[in-house]
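The values are calculated or read from the model by the stated rules, or taken from the named source; none is laboratory data. Here the structure is a predicted model, which is why all the values come from computation and not from measurement. Glycine gets a Cβ as well: all are built from the backbone with ideal geometry, and neighbour counts include every protein chain shown.
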Amino acid sequence: MTAHTLTPESHFIDREPYYETVGDEIAIFEAAYRNRLPVLLKGPTGCGKTRFMEHMAWRLKRPLITVSCHDDLTASDLVGRYLVKGGETVWVDGPLTRAVRCGGICYLDEIVEARKDTMVVIHPLADDRRELPMEKLGQLLQAPEEFCLAISYNPGYQSVLKDLKQSTRQRFVALEFDYPAAELERRIVANESGVDAAMAEKLVKFAQMTRNLKGSGLEEGASTRLLVHAGKLIASSVDPVVACRSAVAQAVTDDADMLAAIQELSSSLF
């Protein structure tokens, strides 16, 4: 049996991703990166965390490897495993290992969705050791200075069973994200979707109405991402009420009463 490591892919972002600064998040991330500190992004779904990471990877000129965490994600999925290819047993790096080897940024999105054994892997990377244990190879991979570990989660969805432990949280510099202020969100929606300023303003007002329903039948209101989706449909000549039903209402709930309530909100605006 032989083993070898595949060459890591390049995940450089060539064009500047559109991102509107909300506060001092860019300066804090850059300072954390210079000091080799891992970063935790927390905030609701669709508020711009992933776009922020794309923007920072572009600014720092580092490859970005993003992993969308889920219930079945294991430590081996992140680190790598042996596979049989062409009759030969080879070692194939996982995304976390690829990011460490190439000095990239590894972004673990919604980290609490992953299985608990993944934390055992990221803890030594997220403190002064900056090491990745590769048990199946019997190696400790030392992260270069350029490597950065970033994770995210949505505090609004956490429960006793899915929460970020203090032993993990206290390894990271935390950045809190939320939906942008109305004027900024209007500008984002107009820029990303192609609708005019007046329509973007109505969409933002509609989103704020749905967000007021959080806790009263809705787990989450309309995110900025969903507003962009609705705006793109409207820019493609879809009726605004229909666009809001398809891109927003149906996306945030299946409850018939809540769908009717959201439909009334959109009809009152459009």
Item to complete: Please find, among G103, G94, G86, G80, the residue that is at pLDDT below 90 and either among the polar types (S, T, N, Q) or farther than 28 Å from R225 by Cα (or both).
Response: G86
Practice prompt. Output the number of the condition that A174 fails; it satisfies all remaining conditions of (1) surrounded by 15 or more Cβ atoms within 10 Å (Cβ to Cβ); (2) in contact with a strand residue (DSSP E or B) (Cβ under 9 Å, 6 or more places away or on another chain); (3) modelled with pLDDT of 95 or more.
Written response: (1)
Worksheet item: Of the numbered conditions (1) surrounded by 17 or more Cβ atoms within 10 Å (Cβ to Cβ); (2) assigned to a strand (DSSP E or B), T89 satisfies every one except a single condition; which is it?
Response: (1)
Practice prompt. Can you tell me which residue among S268, S236 is within 20 Å of I188 (Cα to Cα) and without any contact (Cβ under 8 Å) to a residue 24 or more places away in the chain?
Written response: S236
Fill in: Members of the range 121-141 that are surrounded by fewer than 18 Cβ atoms within 10 Å (Cβ to Cβ) and closer than 23 Å to F29 by Cβ
H123, P124, D127, D128, R129, E131
Worksheet item: Among (1) among the aliphatic types (A, V, I, L, M); (2) out of contact with any helix residue (DSSP H, G or I) (no Cβ under 6 Å at 6 or more places or on another chain); (3) free of Cβ contacts under 8 Å to residues at least 60 places away in the same chain, where does V204 come up short?
Response: (2)
Item to complete: Answer yes or no as to whether K165 is of a type in the set (D, E, K, R), over 14 Å from V39 (Cα atoms) and not assigned by TED's automatic domain parsing to the domain that holds G221.
Response: yes
Fill in: Residues satisfying the stated conditions in the range 42-63, i.e. more than 17 Å from R225 (Cα to Cα), touching a helix residue (DSSP H, G or I) at 6+ places or on another chain (Cβ under 8 Å) and either surrounded by 22 or more Cβ atoms within 10 Å (Cβ to Cβ) or in the same structural domain as A251 (by TED's automatic domain parsing) (or both)
M56
Worksheet item: Does any residue of the range 24-40 turn out to be among the polar types (S, T, N, Q), in the same structural domain as E131 (by TED's automatic domain parsing) and surrounded by 15 or more Cβ atoms within 10 Å (Cβ to Cβ)?
Response: no
Worksheet item: When Y179 is evaluated against the numbered criteria (1) over 19 Å from G46 (Cβ atoms); (2) buried (at least 21 other Cβ atoms within 10 Å of the Cβ), which criterion, by number, is the only one it fails?
Response: (1)
Worksheet item: Before we move on, is L37 in contact (Cβ under 8 Å) with a residue 60 or more places away in the chain, closer than 24 Å to L175 by Cα, in contact with a strand residue (DSSP E or B) (Cβ under 6 Å, 6 or more places away or on another chain) and part of a loop (DSSP other than H, G, I, E, B)?
Response: yes
Worksheet item: Among the residues of the range 54-86, which ones are closer than 21 Å to F12 by Cα and in a helix (DSSP H, G or I)?
Response: E54, H55, M56, A57, W58, R59, L60, L78, V79
Worksheet entry | 2 or more residues farther than 30 Å from F29 by Cβ: qualifying helices (runs of 4 or more DSSP H) within the range 154-270 | 197-211, 224-235, 240-244, 256-269
Fill in: Top-ranked residue in the range 225-243 [being within 16 Å of I262 (Cα to Cα) and touching a helix residue (DSSP H, G or I) at 6+ places or on another chain (Cβ under 7 Å); ranked as surrounded by the most Cβ atoms within 10 Å (Cβ to Cβ)]
A230
